[in-house]
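Reading through the structure tokens given below for one structure.
Nothing in this text is a laboratory measurement; each read-out follows from the coordinates by a stated rule. Quick caveat, the model's predicted, so the values are computed rather than measured. All Cβ positions, even for glycine, are placed from backbone atoms using ideal geometry, and neighbour counts span all protein chains on display.
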Amino acid sequence: MFDAFRDFIRSIGTDDSADDRGADDVRVAAAALLYHVIDADGIVTPAERQRLHDVLAEEFGLSAGETRRIAEAGEAADAEAVDLYRFTSVLKAELDEERRIRFIELLWEVTYVDGSVHELEDNVIWRIAELLAVSTRDRMLMKREAANRSGNPD
């Protein structure tokens, strides 16, 4: 009886399904940072949310259902986080320099979806880039490329 109770306590809050992803999953960490950026100005538009989903699906080869679950896990992880390091440390450990630079470009892409970059969004991307060891030069080049593609060159 005690063993059954102990097993029950251990199972609280866990889900053994393959769809349960923690913040140490590179996809969830990426989703959390993407969400953090689009939420930085206090307004998450449907277009920003859709671009976040598109980025996750394209970059990680996810189905629509997987994309939705990863995006939701990322949003929940971001809501629980006290800093960005929790997520950037996962990306820094899992991604090489080229992919980290690409990730910064993706952050700019989701930011430009609504037509402008709020100063808080810009600041968050700067902090993420610093934590990912992406140079200022590369961060600004990715910003310019994303701006040009969006039709909003700064």
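See the values below:
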read-out	value
Positions within region 121-138 being of a type outside the set (S, T, N, Q), under 16 Å from the mean Cα position of the chain (by Cα) and either in a helix (DSSP H, G or I) or within 18 Å of D39 (Cβ to Cβ) (or both), in sequence order	E121, D122, V124, I125, W126, R127, I128, A129, E130, L131
The listed residue being closer than 15 Å to A31 by Cα and touching a Ser or Thr at 6+ places or on another chain (Cβ under 7 Å), out of I104, I128, I70	I128
Any pair with Cβ under 6 angstrom, 6 or more apart, that starts in region 131-154 at a residue that is more than 21 Å from S116 (Cβ to Cβ) and ends at one that is basic (K, R) and surrounded by 12 or more Cβ atoms within 10 Å (Cβ to Cβ)	L132/K92; L132/R100; V134/R100
Any hit, region 109-116, residues being crowded, with 17+ Cβ neighbours inside 10 Å, over 13 Å from the mean Cα position of the chain (by Cα) and not in a helix (DSSP H, G or I)	yes
